[in-house]
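Report on the following structure.
The values are calculated or read from the model by the stated rules, or taken from the named source; none is laboratory data. Predicted model, so just to flag it, every value in this text is computed and none were measured. Note that each Cβ is placed from the backbone with ideal geometry, even for glycine, and that neighbours are counted across all protein chains shown. With ligands, DNA and RNA removed, areas are computed over all heavy atoms of the protein, side chains included. Shrake-Rupley method; radii C 1.70, N 1.55, O 1.52, S 1.80 Å.
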Amino acid sequence: WTLMYGRLGHSTGHILARFFGYFTILSNTLAAIAFSLWFVWPVRSIDTAALATVCTAICVYIIIVAVIYHAVLRKTVLLQGLDRLVNVMLHSWLPAAYILCWQFLLPKGLLSASVIPYMLIFPVLYLLYALLFGHITEHYP
């Protein structure tokens with residue numbers, strides 16, 4: 001919500017589009033949904049390749065978030081207070097928690113290496129969207 005602060009002059013749709021326009025927010029939302037579903041249906045009940053593929057794709061996305069943040073973005077802005085806490089949670093804690101849960105709780109042997117390229121479609125499409133959006137609006141998410 002800290003991204004929305006100071007944007008009161010815009011419509012709700014504009015604010016939400018801007019908020020959900022970040023790969024970090026999209027990936028963390030997917031991870032939060034997965035965590036919620038794992039709470040309702042235990043991870044051990046994931047017994048199909050399709051469910052394992054979705055959980056693994058989310059893991060790939062959250063790894064991309066953590067790696068890009070720590071390699072490129074971490075030192076670009078000095079945050080304090082609640083902004084810093086939220087930033088650490090979105091880029092470090094939740095990715096680490098998801099990766100650990102995925103590694104230790106997801107049943108092994110359900111994935112095929114042939115699905116790996118398909119997992120990269122969303123990040124590549126998002127990159128193209130972000131570059132185009134940034135070029136048009138001069139705001140790169």
When residue 26 is run through (1) assigned to a helix (DSSP H, G or I); (2) modelled with pLDDT under 90, the failure sits at (2)
Yes or no: the stretch 7-16 includes at least one residue that is at positive phi, more than 20 Å from the chain's Cα centre (by Cα) and either open to solvent by less than 60 Å² (accessible area, probe 1.4 Å) or at pLDDT below 80 (or both).
no
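Take the stretch 63-77 and flag every residue that is open to solvent by 40 Å² or more (accessible area, probe 1.4 Å) and not aliphatic (A, V, I, L, M).
At the first step, the residues of the stretch 63-77 found to be open to solvent by 40 Å² or more (accessible area, probe 1.4 Å) are 63-64, 67-68, 70-77.
Result: 70, 74, 75, 76.
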I'm trying to understand the selection: among the residues of the stretch 78-108, which are assigned to a loop (DSSP other than H, G, I, E, B) and open to solvent by 80 Å² or more (accessible area, probe 1.4 Å)?
78, 80, 108
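Here is a yes/no grid of residues against (1) closer than 26 Å to residue 121 by Cβ; (2) β-branched (Val, Ile, Thr); (3) in contact with a Lys or Arg (Cβ under 6 Å, 6 or more places away or on another chain):
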residue	(1), (2), (3)
59	yes, no, no
65	yes, yes, no
69	yes, no, no
79	no, no, no
85	no, no, no
93	no, no, no
100	yes, no, no
Just checking, does the stretch 48-62 include any residue being surrounded by fewer than 13 Cβ atoms within 10 Å (Cβ to Cβ) and within 24 Å of residue 18 (Cβ to Cβ)?
no
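Looking at 75, 108 in this structure, which one is under 24 Å from residue 36 (Cβ atoms) and among the charged types (D, E, K, R)? Even if it seems obvious, please write down each step before you answer.
On the way: 75 fails: under 24 Å from residue 36 (Cβ atoms).
Criteria check complete, one pass: 108.
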Which ones in the stretch 109-123 are more than 22 Å from the chain's Cα centre (by Cα) and open to solvent by less than 70 Å² (accessible area, probe 1.4 Å)?
110, 112
